[in-house]
Each structure stands twice: as C-alpha cells, then as structure tokens.
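Participant: The structure is given below, and queries will be raised subsequently.
The values are calculated or read from the model by the stated rules, or taken from the named source; none is laboratory data. Here the structure is a predicted model, which is why all the values come from computation and not from measurement. So basically every Cβ, Gly included, is an ideal-geometry build from the backbone, and we count neighbours across all protein chains shown. Only protein heavy atoms, including side chains, enter the accessible area calculation; ligands, DNA and RNA are left aside. Shrake-Rupley method; radii C 1.70, N 1.55, O 1.52, S 1.80 Å.
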Amino acid sequence: SNQVAPLIAGMAVAAAAYAGKYGIRAWQAFKARPPTARMRKFYEGGFQPVMTRREAALILGVRESTPTEKVKEAHRRVMVANHPDAGGSHYLASKINEAKDIMLRRTKGSNSAF
C-alpha cells in the first residue's frame, strides 16, 4: 500500500503529460490548417494587363454598381490589410489604389507604376 500511492501519482503525471502533448499538437495543427472558403475575404486572382471595372470590383470586394461611399470604405478596409507599412507590398497597394480610381471613374485602364 505504501508503494501504490507514488505509482498512481506517477501514472497521473504521465497521463497529464501525454494529454498536454496531444493538446499542443492539436492546437498547432488547428492553427496551421489552410483557410476555408468562408474565411477568404479578399481577391486572390492574378491581374489583367489593363484593369477592368469588373476586376476593380473584385479586388475591393464590392459590386460594380456600389455607391461611392461604400467603395471608399472597401478601399480603406483592403488597404489596411495590404498596406506596405504593415508588411504588404507596394505592388498590391498600387493595384488597390488603381481599383479605387477605376471604381470612382477617375481613370480608364491601367496607369500603375508596376
């Protein structure tokens, strides 16, 4: 009886360690999983040589008939997620700005620096 208590305590510690190890691995697998269709919020396609209004709407995540204020809000939201100061690329930022200009009818076609 004197030696049974430490044995049970040791088995409990081992079980807790295995459970912790499994939990950590499960959490890492959960974090590393690929995003599902529901989680994709932004345009993932390549770019056309000359940006169309349809492509501009896709980049900003709006419809082609979206009102000016909604286009500006969408531009702000997408730009915050892709701004060069926050780790985004200058190329993507230029395409996002170009998309806003096209949606607000400030330009026709591509005049990107890239």
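Participant: Taking segment 29-65 as the search range and keeping residues that are exposed (fewer than 10 other Cβ atoms within 10 Å of the Cβ) and outside any loop (DSSP other than H, G, I, E, B), which one is modelled with the highest pLDDT?
Facilitator: The selected residue is A29.
Participant: Next question, about the same structure. Does any residue in segment 72-88 that is outside any helix (DSSP H, G or I) come within less than 8 Å, Cβ to Cβ, of a residue that is polar (S, T, N, Q) six or more places away or on a different chain, and which pairs are these?
Facilitator: Hits for this filter: G88/N82.
Participant: Could I ask something else about it? Out of everything in segment 84-114 that is within 16 Å of G61 (Cβ to Cβ) and open to solvent by 50 Å² or more (accessible area, probe 1.4 Å), what residue ends up being modelled with the highest pLDDT?
Facilitator: Ranking the qualifying residues of segment 84-114, first place goes to N97.
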